[in-house]
């Protein structure tokens, strides 16, 4: 029977990648010199499973690599070597290498083995550095005796306990018969050790056997039969020479070459080839707990009941059943809302998925920079949409790197300023309204306002530096083309600035702000919608058209006073708002609307754009409501200034404003 | 057809073993660790137990010891799935009362051969 092992590969990859996450998490908690064997055990177990699976499913490279890791772990587990910083480092690197190998294999690619080879040598070096236990020499019958053996005499004296391990002596005899053929086997039972029936314990084995095999067979084949009971018996193999055999068993002469049943060729346990399937796309999948699915099914059940009630009502409807119709519609509304909420929940994952990489990152980067950092993760169970999670990963990494690089100080400087040598970095997540809030705070040096201001003036980003409050200065770091790093380090100087972080977050309909106090620390606060499928929007009217402005980007709405607007040639109009001038975007111009666009009674919606505040001129503020986002790109084509569309309750379509894009677009039109 | 209890904390190994054994006509029950296996064994007498060694909660060695305490399992063959690197595991397993072992990595055919050997 042949089983197609590739059907188990996906499960193997998933569980192995999970195993690596466990290894990594445990390794990060492990301290050099630790005697926490439970942690080492857990790490070992994960490695062990990966190795076992890899071997079984034919991933030789993974199996060989994990073997070294496992061996080293085993020695630590057995107390033969201490947990060293070097070992932890090697294990962490191994986790990376294995993850890369597995991911490549999962994609059906041939993995790059160069790093794995290097690390293998490192591991081997460590393993070689201690006394290697000598391989136990086994009693082997000299090869000469074997080759000339024409048969065997086996003395098999089991211990009394043999039966208690589920071993049946008859099985061995049966197997030998299968190996050489029944006619070549003679068995003699020695019952001399049998005790009196009164004292006989039926679970003990009192018998021993002498098995004579008159047939040429390799000793190793016989040893294999007794492999499981070697330690529970007294067993002796005596080779029978040609003379022996012929004298004692004359009939053998007739067929001197007794057919030895062909021993089944050992099937290749480890396939060298990556399973032939070419690179295949892996379907994105999420794990959903049964509870969530059950509650969905439950809800659909309710919906079906409501639906059948309503259809029955419709069949012979008269005004007397109006009350029941209304009640049914209310029920339908409730069902729909519950169903919507629950379907959304399926896409929700705890933010620990995004947070889990930070212990490692903080450890590595902190070590590189010579800083001592204690990372605290809070609210890891807070759930958010999978897509949002995937997109927030990189901005978070950037912010954490930034805090490590620019925020937290070196131990010496911290000591000098009277702080503890260990810097603290906290990642916190929680729900607030329909949003998820993620805070990245450190107790480092805080933002250097002087330096920020100087740089901003140098780059021509501000003209009147005196007018800025500390808060406004802090916001300057989000401006495009701003970077305060003294030297471009490989930590945060990747050519990616805070402006990119801000843009990424805004693309998710989120916002970011910073609070900072010099010498005390900084906190970056990210606000994100829980899902990308639904948006909290402000409905506005421009002419006869309705638009939706994302609520999260609205700062305030005020009455427009047209006489305050200053028109500057070749540029957008601006308007003073308290002590700053903000650009004004006239939506009717941008979208070329002509009818009913009298501005005398217009409203100004102030939104937070990429480059600061922007005022949008609209005719009327309508209600606030949640809207389901439909993609324009998928259904039509990309339109500048518009991020999508939605269908309103009355069936009409409203476009959703992309605030940053709209400002840029109107700038281009003006220019 | 004989019934087999397959115990392994790795889902892929469990799937592979179950698929192979069921394909050969055996009746198979799965458990993901020793505790789960012991609970199943207390409810029903399986003809053979196939267990991984390294598992959380209750490992294979502890499982064999516990099984041998059950009247129904005094003589039931228990095979351990081990790897060559854990040589002393074989000894430990035997001392605990295991019947024998199958060395990982193994392929489905090797697994079936061994099990047929034991069940006769």
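Using alpha carbons only, how many angstrom separate the centre of the stretch A:324-386 from the centre of the stretch A:390-442?
What the calculation gives is 19 Å, centre to centre.
Assuming 0.36 nm per residue, please report the length gained on full extension of the stretch residue A:206 to residue A:64 beyond their Cα-Cα distance.
Difference between extended and current length: 46.6 nm.
Could you sort A:366-375, A:169-178, A:306-315, A:439-448 so that the peptide with the highest average Cβ count within 10 Å comes first and the rest follow in order?
Highest mean packing first, the order is A:439-448, A:169-178, A:366-375, A:306-315.
What shape does the stretch A:1-92 take by its C-alpha gyration tensor, where a ≥ b ≥ c are the square roots of the eigenvalues and a/c under 1.5 counts as rounded, a/b above b/c as prolate, and the rest as oblate?
Taking the square roots of the gyration eigenvalues as a ≥ b ≥ c, the stretch A:1-92 is prolate.
Quote the FRET efficiency, to the nearest 0.05, computed for residue A:571 versus residue A:432 with a Förster distance R0 of 56 Å and r equal to the Cβ-Cβ distance.
0.90
For helix A:358-369, what angle does its Cα long axis make with the longest principal axis of chain A, in degrees from 0 to 90 and rounded to 10?
Long axis of A:358-369 versus the principal axis of chain A: about 80 degrees.
Which angle from 0 to 90°, rounded to the nearest 10, does the C-alpha axis of helix A:322-346 make with the longest principal axis of chain A?
In chain A, helix A:322-346 runs at an angle near 60 degrees to the longest axis.
What full-extension length gain, to one decimal in nm, is calculated for residue A:424 and residue A:195 as 0.36 nm per residue of separation minus the Cα-Cα distance?
75.0 nm
Report the far tail of the P(r) of chain A, meaning the percent of Cα-Cα pairs longer than 38 Å.
Within chain A, distances greater than 38 Å cover 60 percent of Cα pairs.
Hey, what angle do you get for helix A:9-29 against the long axis of chain A, alpha-carbon based, 0 to 90 degrees rounded to 10?
Helix A:9-29 and the main axis of chain A meet at about 80 degrees.
Starting from the Cα gyration tensor of the stretch A:291-346, take the square roots of the eigenvalues, sort them a ≥ b ≥ c, and report rounded, prolate or oblate (rounded when a/c is under 1.5, otherwise prolate if a/b is larger than b/c, else oblate).
Note, shape of the stretch A:291-346 comes out prolate.
Taking the highest mean first, how do the peptides A:389-395, A:73-79, B:8-14 order by number of other beta carbon atoms within 10 angstrom per residue?
Per-residue Cβ counts within 10 Å, averaged per peptide and sorted highest first, yield B:8-14, A:389-395, A:73-79.
Once you order the gyration tensor axes a ≥ b ≥ c over the Cα atoms, which shape class does chain B get: rounded for a/c under 1.5, otherwise prolate or oblate by comparing a/b with b/c?
rounded
Calculated from DSSP H runs of 4 or more alone, at -39500 (n - 2.57) each and per residue, what is the 222 nm mean residue ellipticity of chain A, nearest 500?
-12500 deg cm²/dmol
I need the peptides A:539-550, A:294-305 ranked by packing, meaning the mean over residues of other C-beta atoms within 10 angstrom, with the highest value on top.
A:539-550, A:294-305
May I ask you to list the residues of the stretch A:419-452 whose amide nitrogen lies under 18 Å from a point 7 Å from Cα along the Cα→beta-carbon direction of residue A:513?
What the label zone holds, given the 18 Å backbone N cut-off, is A:428-442, A:447.
Between residue B:3 and residue A:357, what's the calculated FRET efficiency when r is the beta-carbon distance and R0 is 35 Å? Round to 0.05.
0.20
What FRET efficiency comes out for the pair residue A:238/residue A:29, r = Cβ-Cβ distance, R0 = 51 Å, nearest 0.05?
Step by step, r from the Cβ atoms, then E = 0.35.
Values in this text are rule-based calculations from the coordinates and carry no lab data. Everything numeric here is computed off the predicted structure, so don't read it as measured data. Using ideal geometry, Cβ is built from the backbone for each residue, glycine included, and neighbour counts are taken over all protein chains shown.
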